[in-house]
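One structure is given below, encoded as structure tokens.
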Amino acid sequence: MKKTILLIAAVIGYTVSFAQEQIVLSGDELFGSLKARQIGPALMSGRISDLVGHPTNARIIYAGTAGGGVWKSADGGSSFTSIFDKHAQSIGTVAVDPNQPDQVLWVGTGETWTRNSTSVGDGLYKSTDGGVNWTKVGFDKSERISSIQINPKNSDEVYVGVLGPLWGDSDERGVYKTTDGGQTWERLLAGSNDTGCSELILDKNNPNILYAAFWQYRRTAWGFNSGGEKSAMYKSTDGGKTWKKIHNGLPSGKMGRFALAMAPSDSKILYAGVESEKDKGLYKSTDGGESWEYLNKDFGLVVRPFYFSRIVVDPKNPDILLKAGLYASMSRDGGKTFKELGGNYHSDAHDFWFDINNSDRFYIGTDGGVYRTWDAGGNTEMVNNIPVSQFYQVSVDTATPYNVYGGLQDNGSWFGPSSSPGGIEARDWTPVGYGDGFRVLKHPTKPYVYAEMQGAEGVWRYDVERNQTRNVKVFAVEGDPKLRFNWNAPLTQSPNKADRIYLGSQFVHVSNDMGNNWTKISPDLTTNDPKKQNQEESGGISKDNSGAENHCTIFTIAESPLDEKVIWVGTDDGNVQVTQDGGKTWSNVTTNLNGVPANTWCYHIEASNFNKGAAYAVFDGHTANDGNTYVLKTTDFGKTWKSIVTDDIYGFARNIQEDYVNENLLFLGTEFGLYVTIDGGAHWTQFTNNMPEVAVHYIELQPKTNDLVMGTHGRGVIIIDDISPLRELSQDVLNEDVHIFASQPFIMPDESSFGGGSNGSQFIGPNPDRSAKMVYYLKKRHTFGKMTIEVQNQNGQVMQEIDAKKQRGINIVTWNYRMKLPKIAKGKTFDFGGFTAPRVPAGTYTFVMKKGKAEYRHEIELQYDPKSILTLADRKAQEEMVMKLYNMTQDLAYLVFKIDETVDYANMAKDANAKLGKSSAGLIESLNDLKKTLVITTGDNYVGTADKQLREKIGDLYSVVADNYGKPGNGQYANLAILEKTLEEAKTKYSYIKNKELSKLERAGSKYDLGAMQEKSFEQFLKEYK
Amino acid sequence: MKLRLILVSLIAFFVIQTTSAQTVDEIISNYFENTGGIDNWKALKGIKMTASVNQGGMDIPITMIQLADGRRYMKFELQGKEITQGVFDGDVVWGTNFMTMEPEKSDSETTENTKRESGDFPDPFLNMKENGYSAELLGKETIEGTECFKVKLTKKPQLVDGQEVDNINYYYFDSENFVPIVMEAEIKSGQMKGKTRLTTFSDYQEVDGLYFPFAIGDGIKDMGTQVINITAIELNPEVDDSIFKFPESAETTTSDN
């Protein structure tokens, strides 16, 4: 025993000594049930980078996406579910092991359709349980993996094609092989610093034969190059030991990207899309790559090779092939001619998957989601439930519920509600722009929405009420050089003047009349480096001057919420400039940016809400092959800056949001998710609750609801509802065993339950929970002993029991503002009106939490909906009638209970002695006759239902009045009077039977040792009856 | 018993600090040891649980019975009426139809799947090898804010919509005291197909020397759970065999119309 005490003492001492130290919790330990809400939308979906299916089960299909992870369908494409949330969301390729297709999957991260906005990957992953769990198996620095090929006879033998980094030199490129299931890797064919493997094919009929395409490529922030001397196609016939170049029949000179495919039904037949200086187009080999025949140079075959180098051949017919492109096209004659697919599918097709059993049916991955065809491409239909939209930016308004605005990669600009009856559906979203959408803003007071398309080619002011559009784009005026707008040009709303907006080229343009008239208020604030302005030359072998590479432009503009004269500007070539006089004079503070390499893209400046000289600047170096995180804070108008980055953060950052209340509460969006600090950046914690590792491009904080709204580049809009508990977190709080967070009064919304028109295949974004809440922190998970929560009114009466949450960290429990259901009389069928719980009146209520022996109490305030037109008197009249009917419902339940008990007694009497049979039978008959008028005693719960009796009539009135809003009408009062009278008559009748017939039976029974009936009290009944 | 559990936890606490390697067998063995001893678990013949589910103000009382031979019974009460669900007599799975309130047999796949899991009593880890199940330790993972051993339990394949599919459950054993606190499994059919079913275990309490979770949450990951609050557990209960049997001669009351 002594030893035990010592042991306990030691442990307590140990724990206490810990308690003195600072508590730093990981996201899994801190955020508990504070969860993100993914509202999509899915109606425009997003870019699909790779499609692959199960080799023998046509129901299973995988879609790899450009920025939204991997999605699996197990129902032939009717619905898809995300299966890769915890890892990098940019997907290069997905592979299914042909030997263990239900178990082993591989994912190579890093999209290979390398547009300017593409996200990055971080290696190769493997699952051995069908995609439930994933393990990283290496290639951390690969950035982009193009291909994974598995030996169909040996699962341990896997080949990987690594394309490698887009933005800089890297040695981690080429063809790699493992023979031990991924534990060790050998490089079989090296690339070079700028040339990697863009396609790798293994001959399923002879796994020693491999084909590899290598691509020389490089992107900078201001240009793109595809092609060079090092792009080539190779073949190996000895499992990758030796390789030979296979260009017999191809043009000479510099080559770009290849689209390489083998016909599954005939390994000798290969197709290659060739990007070359001359004779570019489609080539075909019928001898396993030994020679090539030039077939076709149609637009669909040569368009943007960096984006569309994918050919897929029908698994059964080597003459049928699909080519990715601006429009997908199909050949039925072995590549001689092509026809575009039909139907209204999204442009920019990247990949295809043929159904293994029926080639008429195939899937198309586009910039706007997955499409299906049932008639070999004659028509197409969209999969409506893959919410992988790529937002560049989001903003919010102050409506109730507030709306979310934002622009999308190749999918226009939109706004939609943060909450909608029945959930947020496709029909709730309104389009407000074309092309690539970027920054979308709501005028603070007027019904106008500003939206823009790429490079500020269009800047619209859209009148939502009148459905009118005015293009308010900025034009050059006399003396201006060519205006340089970023692809994602900064359109910004003033926080101080409602009609003021800003737009950045290399200059800051301001309009004080909502875009009608513009004034230039700055000189060129960029480095204006002419070497970075040759976009006409961009593209390499295939010219590609879309405007996406415009550089030396302003990228972020922020007017201080505290002083309209203070304006911050950040440029894509690394400058930070600030004016304190509304643009008359500008200070270039770039040289003060400690630790940020020169010319690093300034992605976002957040002007502080607490000090007009304070701001945060976020720099993104990934377009210079620099994946570090740069977040700096100044408090002196940029004279000095301090980094607030720690090793806790993974990935380069793009955006930061400062809280409006707690200066130390900051939210940081990185390439791999969301990070939160509660101490001004001394420690950061990743937020992972229903929050994938998706690139967060923009963050807003809604000031009324305290909702954190994120524009993600791959998973649509993600919201964390009400982050206010985080404001209260401190070391003191974290050291408490239990801490209950303060709460604002809750509004009980007056709203109907109508809403929702989507069918099962459409994505529906969940609504926020508007229940009353108690938010509490537990230092340790509650695992042993009882823990309960109930809500009491001011008299201590229990309104409802609430299921306690017991995680370590933050827990949120909710209460639906209702009491318990009334006890319902037992009948043959259900009384559907009885499944209604009354709403409680406004007032003060208390959450009472019992955890072991400790009790915690938390008072909350409930208020009526201020939007409602009801008077207090209306509400009181309604509440009075509801409770009258509630009590009548329970009175009736008690009456029927007593009748049933009396029948039981009579039956017992009958069984006890035959001489009691007659009196018993008479009593039972009287009781049953009465009961038949009180509850339904025949029929079923559907159309076989019997006529309504008193229970059902009370239930009908009760449920209608309880779920209504407002004073009951005269019909309801009149109906109530009838029901009250009927109930009283029934009670009287029972008393009569009891006094007369039951008493008689009891008297007779006493002669045969039968005791009198024991009647349970109403209180006892309430306690015991279920 | 309580003291024993505390001590075991404390010792485990120290052990964790000093040794990191645990095998899956050790974890399972510790679990049974900490919750009453493997022999006591093996001696168990039946469990009767009384519980309730709270749905927005509606308290639904539930009675569940499980026997060592795989038979099971579940009944809940609504407006004074008893409704049975998922009853299994070793041969037939059946329950009450909500419209007619009459018993109906479950489909053949449900029945077959129930038979394949009928050896799970009282815990799928107990007779794992006899049942042909296998367990694998996947490593440590934090869930519910708590560091756990994540164990993959592979049971017999299930039949889903005409196909055999793997039947895998992931258990999270609290690394401090070795009791499972969460179970996850992929949903294989229906509208939630592909999503993760999440079951939480808490409020462990002692019943005649064995520890049981008295609160079991069941739901879909990231979409909320419904808690079954257990109020009483009776070990080796006396049960009338007839309750498991499908009432073949049930009166087929149809409408009076």
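Read-outs throughout are calculated quantities, based only on the coordinates presented, and are distinct from any laboratory measurement. Predicted model, so just to flag it, every value in this text is computed and none were measured. Every residue, glycine as well, gets a Cβ built from its backbone with ideal geometry; the counts of neighbours run over all protein chains shown.
Which trypsin sites (Lys or Arg not before Pro) from the stretch A:299-350 combine a DSSP loop assignment with at most 16 other Cβ atoms within 10 Å?
A:LYS316, A:ARG332, A:LYS336
Using only the alpha-carbon atoms, how far is helix A:872-912 inclined from the longest principal axis of chain A? Give it as 0 to 90 degrees, nearest 10.
60
Work out the charge dipole of the protein assembly as shown with +1 on the Cβ of Lys and Arg and -1 on the Cβ of Asp and Glu about the Cα centre, then indicate which of A:THR677, A:GLY1011, A:SER82 is farthest towards its positive end.
Farthest towards the positive end: A:GLY1011.
By how many degrees, 0 to 90 and rounded to 10, does the Cα axis of helix B:2-18 deviate from the longest principal axis of chain B?
For B:2-18 against chain B, the angle is about 50 degrees.
Taking 25 Å as R0, compute the FRET efficiency from the Cβ-Cβ separation of B:THR154 and B:MET223 and round it to 0.05.
According to the calculation, E is roughly 0.45.
Where Lys and Arg each count +1 and Asp and Glu each count -1, what net charge lies around A:ALA873 among other residues with Cβ under 15 Å from its Cβ?
0
Suppose every K and R has +1 on its Cβ and every D and E has -1 on its Cβ; what is the size of the dipole of the stretch A:872-1024 about the Cα centre, in Debye to the nearest 20?
500
Roughly what angle does helix A:917-932 make with the longest principal axis of chain A, taking Cα atoms, 0 to 90 degrees, to the nearest 10?
On a 0 to 90 degree scale, this one is about 50.
If R0 is 35 Å, what FRET efficiency do you get for A:TYR973 and A:ALA912 from their C-beta distance, rounded to 0.05?
0.10
To make sure I understand the rule: partners must be aspartates and glutamates, Cα under 17 Å from the Cα of A:LYS981, and not fewer than 8 residues away in the same chain. Which ones qualify?
List returned: A:ASP891, A:GLU952, A:ASP956.
Where q = 0.14, 0.26, 0.29 Å⁻¹, what log10 of I(q)/I(0) comes from the Debye formula for the stretch A:620-660, counting one point per Cα?
-0.38, -1.00, -1.07
With a sphere of radius 13 Å drawn around the Cβ of A:SER538, what net charge do the other residues whose Cβ falls strictly inside it have (Lys, Arg +1; Asp, Glu -1)?
So the environment of A:SER538 carries a net charge of +3.
Per residue of A:933-943, what is the mean number of Cβ atoms on other protein chains within 10 angstrom of that residue's Cβ?
Per residue, the number of nearby Cβ atoms from other chains is 3 on average.
Below 17 Å, Cα to Cα, which aspartates and glutamates can B:LYS193 reach? Residues fewer than 8 away in the same chain don't count.
List returned: A:ASP75, A:ASP85, A:ASP102, A:ASP129, B:GLU109, B:ASP161, B:GLU164, B:ASP166, B:GLU184, B:ASP218, B:ASP222.
Would you compute, from DSSP H runs of 4+ residues alone, the mean residue ellipticity of chain A at 222 nm, taking -39500 (n - 2.57) per run and dividing by the full residue count, rounded to the nearest 500?
Per the formula, -4500 deg cm²/dmol.
When the helix-only estimate is applied to chain B (DSSP H runs of n ≥ 4, each -39,500 (n - 2.57), divided by the residue count), what is the mean residue ellipticity at 222 nm, nearest 500 deg cm²/dmol?
So the calculated ellipticity at 222 nm is -5000 deg cm²/dmol.
Just going by the charge dipole of the stretch B:2-240, with Lys and Arg at +1 and Asp and Glu at -1 on Cβ, which of B:GLN66, B:PRO237, B:LEU159 is farthest out on the positive end?
Comparing the listed Cα positions along the dipole, B:LEU159 ranks first.
Say the dipole of the protein assembly as shown comes from +1 at the beta carbon of Lys and Arg and -1 at that of Asp and Glu; which of B:PRO180, A:GLY714, B:GLN55 then lies farthest toward its positive end?
B:GLN55
So, in nm, how far is label B:SER134 from label A:LYS987 when the simple model puts each one 7 Å beyond its Cα toward the Cβ?
Going by the 7 Å Cα→Cβ label model, 6.9 nm.
Determine the shielding of peptide B:75-84 by partner chains: average, over its residues, the number of Cβ atoms on other chains within 10 angstrom of each Cβ.
Average per residue, whole number: 5.
Could you work out, residue by residue across A:825-835, how many beta carbons of other chains sit within 10 Å of that residue's beta carbon, and then give the average as an integer?
Average neighbour count from other chains, rounded to a whole number: 3.
Take A:ASN344 and B:LYS105, extend 7 Å from each Cα along the Cα→Cβ direction, and tell me the distance between the two endpoints in nm.
4.9
Calculate the dipole size of chain A relative to its Cα centre from +1 charges on Lys and Arg beta carbons and -1 charges on Asp and Glu beta carbons; express the result in debye to the nearest 20.
The calculation lands at about 2300 debye.
With a point put 7 Å past each Cα toward its Cβ, work out how far A:ASP140 is from B:GLU164 in nm, to one decimal.
Computed distance between label sites A:ASP140 and B:GLU164 equals 4.2 nm.
Suppose every Lys and Arg Cβ carries +1 and every Asp and Glu Cβ carries -1, with no other charges. What dipole size does the stretch A:50-382 come out with about its Cα centre, to the nearest 20 debye?
540
Which entries in the list A:LYS612/A:LYS773; A:LYS773/B:LYS152; A:LYS136/A:LYS316; A:LYS989/A:LYS1016; A:LYS1023/B:LYS48 go over 26 Å, if you measure between the two C-alpha atoms of each?
In this structure, A:LYS612/A:LYS773; A:LYS773/B:LYS152; A:LYS136/A:LYS316 lie more than 26 Å apart at Cα.
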